[in-house]
Amino acid sequence: MKKSIILTLLLCLGMSLNFSFSTQLNAQEAKPDISTDPVPTPSSETTTLGEIGINEEDLKNVAKSIFNVSNAMSEKYSISDGLTLTMYILRYLSEIGEYELAHKDMMKLVRAFEKLSEERVEPEVEAVLQQIEKITFGRLNGRIHVTFNAIDKQRGMVIPINEVEEDESSSVKEIIEVVAEDGMSLTFDDIDTEEEKVWARNFAKRPVKILGIFKKIAESLYQVHPKIKDNLDEYLELEEVPAPALKIEMDNIYVKVDTSTVFKKIDFKFNEALALPGIKENGEPVPSFILGAKAKLLKLKISVDQ
């Protein structure tokens, strides 16, 4: 994804939100027919839930942070860095205030992106977008928070994976799908205190532990790239980074995995993640996104782009 396109995408979102909010505040004007996309119910309009807007200085800092994170993306670990960038965009969009971005306006943004980039989004991405009813930005108990609502309340938002493991020694046979339930949420905390840095080190570097006969399984469930562990301490002490490392708490999202263990098929519920934009080793990129998940007695830690 081109960096200039990312910034233009954010600008389009701001224009889209401003248009929607102005229309509602002046509620006498007719609603323009701007999309032929299916309009989900009950929420088909972007709405404000509280105060909207940030001062010019904060807006500059937000734009600079997103630009810096996008500038740190690499081709080598594009999926990992893409997830990291997505998390920062969601995190910073919540700085604007409390509002709900409806499906219709979200798709306007996507179509604007396609027009600017002269490319259609991939069918897999389109399929996921069409499952989102609305995204709610704001804060929960003072913490930056984003909630996704699904059009299909029962099934949620489903991302097919169908990735079969070729290594016969692996306890994982197939990653089937990721399911984000209706109401899936993300809560963000910048890692900028010593206590938060301790959490980041423990999360990334501490192996998964399971008592007894499951020791071998535990070893296969800790899949954090060694270069992250080797460079994390130095990274967390850097004065100049694209943006502070980000802790993400996750609710109502899981991955279905078929295993060769006694548990057979397992739903690993994602509960936390760590984003490390711009982490490197000797100037070369390192995977920037780590996921943590739980299932029954098992815990999973894995860096994306393994």
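Wholly within the range 195-306, which strands (runs of 3 or more DSSP E) include no fewer than the required count, namely at least 3 residues that are buried (at least 19 other Cβ atoms within 10 Å of the Cβ), modelled with pLDDT under 90 and not small (Gly, Ala, Ser)?
246-259, 298-303
Does the range 103-133 hold any residues that are assigned to a loop (DSSP other than H, G, I, E, B), without any contact (Cβ under 8 Å) to a residue 60 or more places away in the chain and closer than 26 Å to residue 155 by Cα, and which are they?
The answer is 121, 122, 131.
Yes or no: the range 166-174 includes at least one residue that is in contact with an Asp or Glu (Cβ under 8 Å, 6 or more places away or on another chain), modelled with pLDDT of 70 or more and not charged (D, E, K, R).
Within the range 166-174, not a single residue is in contact with an Asp or Glu (Cβ under 8 Å, 6 or more places away or on another chain), modelled with pLDDT of 70 or more and not charged (D, E, K, R).
How do the pairs read when you match residues in the range 137-154 that are among the polar types (S, T, N, Q) with residues anywhere that are surrounded by 13 or more Cβ atoms within 10 Å (Cβ to Cβ) and in a strand (DSSP E or B), using Cβ under 7 Å and keeping only pairs 6 or more apart or on different chains?
What qualifies is 147/136; 147/183; 147/185; 149/133; 149/134; 149/182; 149/183.
What helices (runs of 4 or more DSSP H) completely inside the range 1-101 contain at least 3 residues that are at pLDDT 85 or above and farther than 24 Å from residue 150 by Cα?
Qualifying helices (runs of 4 or more DSSP H): 56-71, 78-93.
How many of the residues making up the range 88-100 are surrounded by 21 or more Cβ atoms within 10 Å (Cβ to Cβ) and either free of Cβ contacts under 8 Å to residues at least 24 places away in the same chain or over 13 Å from residue 62 (Cα atoms) (or both)?
Qualifying residue count for the region: 1.
Table: residues versus (1) farther than 27 Å from residue 302 by Cα; (2) of a type in the set (Gly, Ala, Ser); (3) in contact with a strand residue (DSSP E or B) (Cβ under 9 Å, 6 or more places away or on another chain).
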residue: 72; (1), (2), (3): no, yes, yes
residue: 111; (1), (2), (3): yes, no, no
residue: 127; (1), (2), (3): no, yes, yes
residue: 142; (1), (2), (3): yes, yes, no
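The values are calculated or read from the model by the stated rules, or taken from the named source; none is laboratory data. Fair warning: this is a prediction, and the values are worked out from it, not measured in the lab. Positions of Cβ are generated from backbone atoms using ideal geometry, with glycine treated the same way; all protein chains shown enter the neighbour counts.
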